[in-house]
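**Student:** Got a structure here, written out as structure tokens. Questions coming.
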Amino acid sequence: MANIDGQPLGGGGQRFSALADINPNDIESIEILKDAAAAALYGSRGSNGVILITTKKGQSGEARISFDAYYGIQNVSKTFELLDGQQYIDLVNEARVNSGNAPFNQLTFTGENTNWQEEVFRTASIANYNISVSGGNERLTSYISLGYFDQSGTLIGQEFKRLNGRLNLDYKAKSWLKLGTSTTFSNSNTDRVDADLSGYSVFANALFFNPNVPVKNPDGSWGRDPLQSGEIENPVMIAEELTHNITSRRLISNVYGEIQFLKNFKFRSTFGIDYLDRREERFIPSYFIKNNPRGSASSSASFFDEMIWQNENTLYYGKDIGKHSFGALVGLSYLESESSFFGISGNTTASDLITTFAASNINPPNHNISSWGLTSYFGRFNYNYDGKYLFEVSIRRDGSSRFGSNHRWGTFPSISGGYRISAEPFMSGLANVINDMKVRVSYGETGNQDGIDNFGSLTQYSAGPSYNGLPVIFKSSVGNSDLRWESTAATNIGLDMAFWESRLELTTEYYIRSTNDLFYTLALPATTGFNQINRVNLGSLENSGVELTLSGKILTGDFTWTSDFNIAFNKNEIRDLVETNGESDRVIPPAGYSNVEGPYGLFRIGEPTGNFYGYKFLGVWDKAEDIPIEWGTRTKPGDVIYEDVNDSFTYGRIDDHQLIGNALPIHTGGFTNTFAYKGFDLNIIMNWSYGNDIYNMTRVVMESMSRERNQFISTAKRWSPDNPTSDIPRAFYGSSSTSGASNNDANSRFVEDGSFLRIRNITLGYNFSKDLIQKLHLSNLRLYLSGQNLFTFTDYTGLDPENQNLGASTGGIPSLGVDFLTQPIPKVYTLGLNVGF
Amino acid sequence: MKSLKILIIAGVFSIAACDTLEQLPVSIISESNFYQNESDAEAAILGVYDRLQGFISNNFIIPISARADETDVIRGGNWTRDESFSTTSNDGHVRNTWDDLYAAIGRANDVLANVPGILDDNFTDEEKNKILGEAYFIRGFAHFHLVIRFGKVPYISEAFISPNQDYQPARDDIATVYANIIEDLKMAKQLMPADPSLKVRANKWAAAGMLAKVYMQRNNTGDRDLALTEINEVLNSQGYSLLPSSNYSDLFRPDRQKTVETIFELSYGPAGLDDAAFDNEFVSTQNFRLQPEMKIINAFKADSALVVESGKEEVRMAAALEFYYPIFNESGTCILACNPRNEYFIDKFTKDDWKKTSERAQLHPSVIILRLADLILLKAEILNEKDDLAGARTLLNEIRERVNLPETTATNKDEMRLAIENERYLELAFEGHRYWDLIRTNRAVEVIKNKGQFVPTQEKLLWPVPQADIDQNPNLLPQNQGY
């Protein structure tokens, strides 16, 4: 959960990132609360950690004006090597013939050899401008800013623009009364292109499209697929002619009042809103082949708005008696969201000139009003003796409207203690070596109610279009009145040490975090009449691990060098699963994309998540004589050999699938070094991941040789009677499920080592000297040059080894470590300027 | 004083807050609000018919005609695999058939579980029974189409209401499934009104007719007699009659359907109000995937010659097949009916409409599930098997005369059996009967083999259970033989 100045942000998830509407220049600090005791006060939504964003406040004194700007360019660092025009035709027609189909005689070699990736990727600009003024007096301080951000995507047709304004105000109205606000608005415009294989992905079509076709014909018309199947379209045409815009307007604001009374009491109340208005328009011109009916344009529009309000009231009591200091807090908070969605789509044969919704054939529109709410009570007590002994206990009760009335409330306690050993007299002898040493222990529980439909625990009936012209109502989902809060119980033990007057600091942490009553989308057999139950509580999962952070001021003086190093080891294990008919294993089929299969997942007690299951690839049959007769006549030379675990001479998922990889790394970490000399500073950030596998589903599409798509250059070395020793199977058009499994079913051929080391950022900055800036009447002046993602060291053959997670599949669980036509993250070079007046 | 002021302010803040936990759904109906009155029950039963549309549109006729000697597949992997009897358990249409039929069964069970408890004074027992009867009818009908396609299937007679329920049923024996189907259809027959004007909703005669079809397909000893009783009841009801030759094509014309000959047809109209459309893969467009086989074209042509010889008007071939006319755009590119394998395409349920639309899935006819000609020919078949050759001949000739054909030339039981089979082949062409006829008479392997293209095995006449459901329910194992 993200929380900005106390206001929880709505939305999130895949649909729209709340953080995209915040101006990073306004952010003073971001705190990530990972241990459960710290997150406990955000209990209802703190299960997956809490991100606390604090924005800049005004400070009393003379007004400070600062102007920040950067401009940069972005490039993709790598593209794929594909077949050329003749190789493409040879492959497709060979595949056709191998599957007993006639070759496509529409395919002709033109010598064009269009490099579609070059046509769709570009050097894109990124620019950010921000001006802020902060200042005030004893009673009133303010921070005002205005920012503009404009980023083009590395694919043509992608653009994001955002305008932000902010007002932060703190007003000491009376000696006992403080008031203030944190308010921001934003307006953003996104020009989108489709991703994955969905709809009209520019990137996917650039990989697939026939290289014999020119971008444009001599007469100025778009080059089109001679096969006219509609499966593949000219990617440049898609980028330029298909309209897909999202406009989002957001207001996030809260007002607080704080009252001090009876000396030790403080009452604080905040009221905040997060209002989002989002509209989306899409238009596909009439000449796109797949439009139905053909020859008509299709358009859609949707409007969504959501208003979340929150009111939080806390009463705080704090008292110091000698070296003892006590604090106690009680509070209650209310939150409510109300949203409305209206979407409509249709098609028209009238014109391609109007790209807004002007359809003549309208599909039934979708109108949905929804709401949810939370009510929470919480209390906390903390005690501190001279900074040596620290103790805190808290409890929180949360109710969510999303659960059935029997399970609405969850209780989430936490307890934590700290002991500063370095404050003990017996440590004083070591003080010049160890200047700080603290042991921390905490235990806390937090809850989760995200990911449940607002009325997901109810059995629902929906109104359908009609039968014979009369209205229809049917049961659209089966509820789960037993649905409970998902909760996380975390134990953390930490040791923090600082040596030699904090020249070297070490933080170590061991944690066990178990998530209980896991939310899971229960896939149902169709015999129930339903596909799934949106959410059930399935079992528990445990993460445990060690995190180590070491930071050192290695050199001080004129030339300084500071270094931060962190490494994290995490182990993941499924501890408990609900049994169904004596079976607790849950097979998680890969997310479905037509004719592209990803790895199967498996939830099994004692195993980690992120496992890939599939066939073990052993090679390709070289010649007919090699194939044992038991395989029958359907297995041909050039077909793959998988391990036939049960020697049944047929491949089946249940008997022959085995563990072929795991998406979770053994360790991840980062290494940051900063050097400074006089006005110059150099900052280098690296991060890595080690020991994780990636299922390269891009290769499944691009090496499957089963459709009229262009393929990777590797397929030029495919099996053929002339190349019988190849390890790449033969081309086969359509489905080739001979002997129970096809050449491209989930198998170890597509599993690759996903370890990488990346130089994430290098920044070289220069702060102009005091003399110069004073002459210019400035308070500071800094120029910097920075490069992001300049180098990546990896054996992974895809475009990017990082962040390869596919959307949710069955069970609502994302397929970890699956690379599927993901647009690579770009290299970014920026030149920036900070000026303070 | 100051403290008091502060406390008042604090109090105001706390009171201002209210209960945020009671949220009322606006855009959905919750369980507790539904099944309150007659119109709820009415909307719910229409929802059951609505859920049959997907199956009837996509899989009731098409894959079955591809398997039989009715249609050739031009393109489409699923249909191609059906035609060549290499269907796999991952084929989308196999899964859709399974899913769609069980979803309709689920809705029928929901009606059966909830409608009896509705307390509404205006909701008479008669009206309630009609709705319950329709739910029994569809539950039986859907299981029938499951058992003939998949063999052993779970018979689902309980509504699914909670994840705590056992949702992984095993497959019931074929005999059990049939017994349950028959029980459901008998209940339906008993509860539904004997009102022949009900066409797009089932009535008593639809249940009787379906019972006859079920008995014939089960084909146990004595089943023919049971079927005969049901057919006679329908025939004696006087509610239905064969359309005259002049109106024969009305059966399939969206603007003239719901004829006196139809006992039950599933509605896809009116266009604009119903989101579902008949996904006609036969329509003569660039996207068409199936064409009539030469065998059926030649059979139609032979009949047609007889009609023309007698100087009458040919109506049956004209209703079933249409000459293809390639259509070219201004620049001379063929845009419709390009590259056919032969000069005909299938015109049932599309009469004239194909000329107006360039795409399939835009048509809103009714699809005939049961019509009188089917029952008359079944009766002829039964009589012939009971050695009542004269009775069989009368009925067969009734069907032939109505389409201006001369009387049958069959003179003995074997000839008559073949003549009736052939009559059904043409009269009911492309309506989803041929394949099941061949299966129940145990002639499928032989007849399909004789096409000379594909050789099915007895095992492959059934579809495999979809793998997707086995993944969610291992109790469905073992898979059908041969898969």
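**Student:** Can you say whether residue A:344 is hydrophobic (A, V, I, L, M, F, W, C) and more than 30 Å from residue B:25 (Cα to Cα), as far as the supplied structure shows? So that I can check it myself, show each step before the final result.
**Tutor:** Numbers: hydrophobic (A, V, I, L, M, F, W, C): yes; more than 30 Å from residue B:25 (Cα to Cα): no.
Answer is no for this residue.
**Student:** Something else about it: Out of B:195, B:173, B:225, report the one residue that is within 24 Å of residue A:530 (Cα to Cα), more than 14 Å from every other protein chain (Cβ to nearest Cβ) and either among the acidic types (Asp, Glu) or open to solvent by 30 Å² or more (accessible area, probe 1.4 Å) (or both). Show your work before the answer.
**Tutor:** Working: B:195 fails: within 24 Å of residue A:530 (Cα to Cα); B:225 fails: within 24 Å of residue A:530 (Cα to Cα).
Within the list B:195, B:173, B:225, the selection yields B:173.
**Student:** Report whether or not residue A:261 is modelled with pLDDT of 90 or more, open to solvent by 20 Å² or more (accessible area, probe 1.4 Å) and in contact with a helix residue (DSSP H, G or I) (Cβ under 9 Å, 6 or more places away or on another chain).
**Tutor:** Values: modelled with pLDDT of 90 or more: yes; open to solvent by 20 Å² or more (accessible area, probe 1.4 Å): yes; in contact with a helix residue (DSSP H, G or I) (Cβ under 9 Å, 6 or more places away or on another chain): yes.
When the stated conditions are applied, residue A:261 passes them.
**Student:** Still on this structure, please answer the following. Checking residue A:186 against (1) touching a Lys or Arg at 6+ places or on another chain (Cβ under 6 Å); (2) farther than 25 Å from residue A:826 by Cα; (3) open to solvent by 30 Å² or more (accessible area, probe 1.4 Å); (4) of a type outside the set (D, E, K, R), which single condition isn't satisfied?
**Tutor:** (3)
**Student:** Here's another thing I want to ask about it. Quick test of your reading of the structure: residue A:405 fulfils all but one of (1) within 14 Å of chain B (Cβ to nearest Cβ); (2) surrounded by fewer than 17 Cβ atoms within 10 Å (Cβ to Cβ); (3) more than 33 Å from the chain's Cα centre (by Cα). Name the failing condition by number.
**Tutor:** Residue A:405 satisfies all of (1) within 14 Å of chain B (Cβ to nearest Cβ); (2) surrounded by fewer than 17 Cβ atoms within 10 Å (Cβ to Cβ); (3) more than 33 Å from the chain's Cα centre (by Cα) except (3).
**Student:** Taking region A:637-670 on its own, how many of its residues are within 37 Å of the chain's Cα centre (by Cα), open to solvent by 30 Å² or more (accessible area, probe 1.4 Å) and among the acidic types (Asp, Glu)?
**Tutor:** Residues meeting the conditions: 2.
**Student:** Do the conditions hold for residue A:368, that is, is it of a type in the set (S, T, N, Q) and open to solvent by 40 Å² or more (accessible area, probe 1.4 Å)?
**Tutor:** Criteria met by residue A:368.
**Student:** Determine which member of the set B:464, B:456 is surrounded by 14 or more Cβ atoms within 10 Å (Cβ to Cβ) and at pLDDT below 95.
**Tutor:** Just one listed residue meets the conditions, B:456.
**Student:** Another question, then. Please go through region A:441-454 and give me each residue that is away from chain B (no Cβ under 14 Å) and buried (at least 19 other Cβ atoms within 10 Å of the Cβ), ordered by number.
**Tutor:** A:442, A:443, A:444, A:445, A:446, A:447, A:448
**Student:** What are the pairs, 6+ residues apart or on separate chains, where a residue within region B:401-426 that is on the phi > 0 side of the Ramachandran plot has its Cβ under 9 Å from a residue that is of a type in the set (Gly, Ala, Ser)?
**Tutor:** Correct list of pairs: B:404/B:245; B:404/B:310.
**Student:** Looking at A:246, A:289, A:232, A:273, can you tell me which residue is among the hydrophobic types (A, V, I, L, M, F, W, C), surrounded by fewer than 20 Cβ atoms within 10 Å (Cβ to Cβ) and not in a strand (DSSP E or B)? It would help to see each step written out before you state the result.
**Tutor:** On the way: A:246 fails: not in a strand (DSSP E or B); A:232 fails: surrounded by fewer than 20 Cβ atoms within 10 Å (Cβ to Cβ); A:273 fails: not in a strand (DSSP E or B).
The conditions single out A:289.
Results for (1) surrounded by 15 or more Cβ atoms within 10 Å (Cβ to Cβ); (2) closer than 30 Å to residue A:200 by Cβ; (3) aliphatic (A, V, I, L, M), shown as yes or no for each residue.
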residue	(1), (2), (3)
A:551	yes, no, no
A:558	no, no, no
A:579	no, no, no
A:589	yes, yes, no
A:596	yes, yes, yes
A:601	yes, yes, no
A:611	yes, no, no
A:616	yes, no, no
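**Student:** Tally time: how many residues in region A:764-786 are open to solvent by 20 Å² or more (accessible area, probe 1.4 Å) and not in a loop (DSSP other than H, G, I, E, B)?
**Tutor:** So the answer is 14.
**Student:** Might you check whether a residue that is at pLDDT 80 or above and in a helix (DSSP H, G or I) occurs anywhere in region A:40-54?
**Tutor:** Scanning region A:40-54, I find no residue that is at pLDDT 80 or above and in a helix (DSSP H, G or I), so the answer is no.
For (1) open to solvent by 60 Å² or more (accessible area, probe 1.4 Å); (2) of a type in the set (A, V, I, L, M); (3) at negative phi; (4) more than 39 Å from the chain's Cα centre (by Cα), each residue gets a yes or a no:
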site	(1), (2), (3), (4)
A:85	no, no, yes, no
A:103	yes, no, yes, yes
A:129	yes, no, yes, no
A:138	yes, no, yes, yes
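**Student:** If the Cβ limit is 9 Å and pairs must be 6+ apart or interchain, which residue in region A:350-375 that is at the interface with chain B (Cβ under 9 Å from one of its Cβ atoms) and over 25 Å from residue A:449 (Cβ atoms) pairs with which residue that is charged (D, E, K, R) and open to solvent by 40 Å² or more (accessible area, probe 1.4 Å)?
**Tutor:** Pairs that qualify, where the first residue is at the interface with chain B (Cβ under 9 Å from one of its Cβ atoms) and over 25 Å from residue A:449 (Cβ atoms) and the partner is charged (D, E, K, R) and open to solvent by 40 Å² or more (accessible area, probe 1.4 Å), are A:363/B:275; A:364/B:275.
**Student:** Further question on the same structure: Kindly provide the set of residues from region B:144-165 that are hydroxyl-bearing (Ser, Thr, Tyr) and modelled with pLDDT of 95 or more, ordered by number.
**Tutor:** B:155, B:157
**Student:** Now for a separate question. Within region A:471-480, is even one residue at the interface with another protein chain (Cβ under 10 Å from one of its Cβ atoms), free of Cβ contacts under 8 Å to residues at least 24 places away in the same chain, among the aromatic types (Phe, Trp, Tyr) and under 27 Å from residue B:41 (Cα atoms)?
**Tutor:** Yes, region A:471-480 contains at least one residue that is at the interface with another protein chain (Cβ under 10 Å from one of its Cβ atoms), free of Cβ contacts under 8 Å to residues at least 24 places away in the same chain, among the aromatic types (Phe, Trp, Tyr) and under 27 Å from residue B:41 (Cα atoms).
The values are calculated or read from the model by the stated rules, or taken from the named source; none is laboratory data. Bear in mind the structure is a predicted one, so any value in this text is a computation, not a measurement. Quick reminder, even Gly has a Cβ in these numbers, built from the backbone with ideal geometry, and neighbours come from all protein chains shown. Side chains are part of the model used for accessible areas, which takes the heavy atoms of the whole protein and leaves out ligands, DNA and RNA. Shrake-Rupley method; radii C 1.70, N 1.55, O 1.52, S 1.80 Å.
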